[in-house]
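Step one of this worksheet: look at the structure below.
The values are calculated or read from the model by the stated rules, or taken from the named source; none is laboratory data. This structure is a prediction, so every number in the text was calculated from the model and none was measured. Note: ideal-geometry Cβ built from the backbone for every residue, glycine included; neighbour counts use all protein chains shown.
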Amino acid sequence: MKLSVNRTVDQWFNKIGKNPALGLTVSILWLIVIGWIAFGWNLGNIGLIDETEPLFAEASRQMFLTGDWITPFFNGETRFDKPALIYWCQAIAYHIIGVNEWAVRLPSAIAAFGLVCLAFYTVHWYLGKQDELEQVSRPTRRYSTSFMAAALMALNGETIIWARIGVSDMLLTGCMASALLCFFLGYAGKGGTGDLGLGTGENFSQSRSEATSLFPNKWYLAFYVLIAGAILTKGPVGIVLPGLIVVAFLLYVGKFLEVLREMRVLVGILIIIGLSVPWYALVIWRNGWNFINAFFGYHNLERFTEVVNGHSAPWYFYFLVVLLGFAPYSVYLPASIVRLKFWQRSHWSSQERFQQFGLFAWFWFAGIFSFFSIAVTKLPSYVLPLMPAAAILVALLWSDLFQYTDTRQTNSVSSSPTPPISTSFLRVSGWVNVIFLSVLSTALFNITQILGSDPAITNFHELIKQSGLPVIAGVIWLVCAVVVAGLLLSRRWKYIISINLLGFVAFLIFVLTPASFFIDRERQLPLRELSAVILEAKQPNEELIMLGFKKPSVVFYSNIRINYLRFPQEATEHIQNQAAKGLQPPSLLLLAEQKKFLQMDLQPDDYKSLSTKGAYNLVRIPFKKKKNEKIDIS
């Protein structure tokens, strides 16, 4: 039975390999399916998620409405947290499909999908070059590994979360990771040891033309353009991180000066400057030191050297982020890395350029992991750009198991840059996989005892229990653990990673998606409903105060500027001051958490209740005059 299944799969891939049009069609369909499941399905069907997403959405809406494409604004104040590219992309999406949640998240989803497609192409190209070198035809290995790399890259928790949120992190990852892939394609496809097709005829003429050209080849050119995009998305880190990775890799393989010459670095720098600097020049010209201090000082330098907004974490923080964010495939990262034997520098330096793909993925992974581990401010999203490298490393580990061929190998010795995968090492990793899935299942069964409370959701733990999601989640991963154990015992190694993928897809469909609707209904829907009430009830020029919390989504959904106040006493004093000014209308709106609202000690005739939703009260507070004509609220 096992041989029959293998033979059928092998024959199917052989058919694809012999028919390029069929192979292209199947590849496109595969990418569309996983892209839709991971990034498109229900993308805009839940409301904006506080706290960060509405900040981007509203700043982009202001650009769309005012036509000011230089200075981002939120709630009437400048917002210099991030450069302009994410705002531009969202504003363009508003223009195309309207101001809604789909438009807010579309740039992130497109960036993620584009990255997955480019990674699929790169892995497929790399394995095709390896087959060419070894004079074999291995369509099963080539397509299976490419499909696996794309799926692993799309279907992991870290990527899905940030690809479905309208913030800048996924756009940065799309630009940065795509730039690194383009660099490697340019590096591996150039002349010398890396270009296996050059030397005669048309290819030789093309090589000479590139050698005498003042411009870099198309992949290096794309690298420079994408670096400019990364700079416009996040700032200096957009060039610093890729630059460190590329420089470290080239120094290690001993091709630093050689590759710098062929990359036409001076031309590349001019391209990057020409695309990225104009916006920075314009925003500095318009805002001066306010932008310089806020963006370069606070949001870049201080985030690396100091703890910003309380986002501190221990040194091992990113080990946990990668373990859980890339779960369940993260358990195979140690085997994927050790398999490379990256410490054997002389071995890697002697390989063909394209054969250094796995080594380059390791430098990519290690560079980002190390950089942000050193940084003092730590957030889970910071290591998002290393997830594509992790997916490539694990896919290349599994490529050794997809070795069925329809043409016998003519070389007696394989020229693969890495030795065959060790069965014992794979067995150990597999049992670690089983243990990890079992622990994950147990944790999900008892998730209500692990999670803290959410002040925005009353009866949080009870509602989670009633949803039944913890039980469904625990069962999914427990079944996966049992199946993986069975595959290990029967030595069906190559199916193990597929079970992990199928488990994650089931987890996404039956747990994560319903959980997102549950959280939206309990946490965000009350704020959207109150925003609708505010739109209907607010009188011209009437002020809106938000007491005790900051929920930027109310600004987006109500289209009203909000005055944020933290303490009840602060709100009381502010109301007294406004009353003394004799403003028109003689009232203001107050949106407060119920606990904070009660602490204001207002009497029933001091306010008019407009609506209560979830944990929030919306009231109108009229200004009153005392007998001595001093205006107050008491």
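Values computed for the structure shown
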read-out: Residue tally, condition surrounded by fewer than 22 Cβ atoms within 10 Å (Cβ to Cβ) and in contact with a Phe, Trp or Tyr (Cβ under 8 Å, 6 or more places away or on another chain), over segment 126-142; value: 1
read-out: Every residue from segment 235-250 that is within 21 Å of the chain's Cα centre (by Cα) and assigned to a helix (DSSP H, G or I); value: 237, 238, 239, 240, 241, 242, 243, 244, 245
read-out: Among (1) assigned to a helix (DSSP H, G or I); (2) buried (at least 24 other Cβ atoms within 10 Å of the Cβ); (3) under 19 Å from the mean Cα position of the chain (by Cα) - the single one residue 48 does not satisfy; value: (1)
read-out: Selection from segment 600-620 of residues that are out of contact with any Ser or Thr (no Cβ under 6 Å at 6 or more places or on another chain) and part of a strand (DSSP E or B); value: 608, 609, 610, 611, 612, 613, 616, 617
read-out: First in segment 524-545 and over 19 Å from residue 597 (Cα atoms), second anywhere and in a helix (DSSP H, G or I) and among the small types (Gly, Ala, Ser), Cβ under 7 Å, 6 or more apart; value: 524/553; 535/558
read-out: Close pairs from segment 181-198: first modelled with pLDDT under 50, partner surrounded by fewer than 20 Cβ atoms within 10 Å (Cβ to Cβ) and among the β-branched types (Val, Ile, Thr), Cβ under 6 Å, at least 6 apart; value: none
read-out: Positions within segment 130-141 being in contact (Cβ under 8 Å) with a residue 40 or more places away in the chain and over 12 Å from residue 417 (Cα atoms), in sequence order; value: 132, 135, 136, 137, 138, 139, 140, 141
read-out: Selected residue (criterion: surrounded by the fewest Cβ atoms within 10 Å (Cβ to Cβ)) from residues of segment 464-494 that are in contact with a Leu (Cβ under 8 Å, 6 or more places away or on another chain) and farther than 13 Å from residue 433 by Cα; value: 494
read-out: Complete set of residues in segment 51-73 that are out of contact with any strand residue (DSSP E or B) (no Cβ under 7 Å at 6 or more places or on another chain), of a type outside the set (Ser, Thr, Tyr) and assigned to a helix (DSSP H, G or I); value: 53, 54, 56, 57, 61, 63, 64, 65
read-out: Subset of segment 155-192 (residues that are within 9 Å of the chain's Cα centre (by Cα) and assigned to a helix (DSSP H, G or I)); value: 158, 159, 160, 161, 162, 163, 169, 170, 171, 172, 173, 174
read-out: Residue list for segment 214-225, filter: closer than 12 Å to residue 185 by Cβ and in a helix (DSSP H, G or I); value: 218, 219, 220, 221, 222, 223
read-out: Which listed residue is closer than 24 Å to residue 326 by Cα, in a helix (DSSP H, G or I) and in contact with a Gly (Cβ under 8 Å, 6 or more places away or on another chain), from 115, 152; value: 115
read-out: Condition check for residue 564: touching a Lys or Arg at 6+ places or on another chain (Cβ under 9 Å), in contact (Cβ under 8 Å) with a residue 60 or more places away in the chain and among the aromatic types (Phe, Trp, Tyr); value: no
read-out: Residue 475 vs. criteria at pLDDT 95 or above, in a helix (DSSP H, G or I) and among the aliphatic types (A, V, I, L, M); value: yes
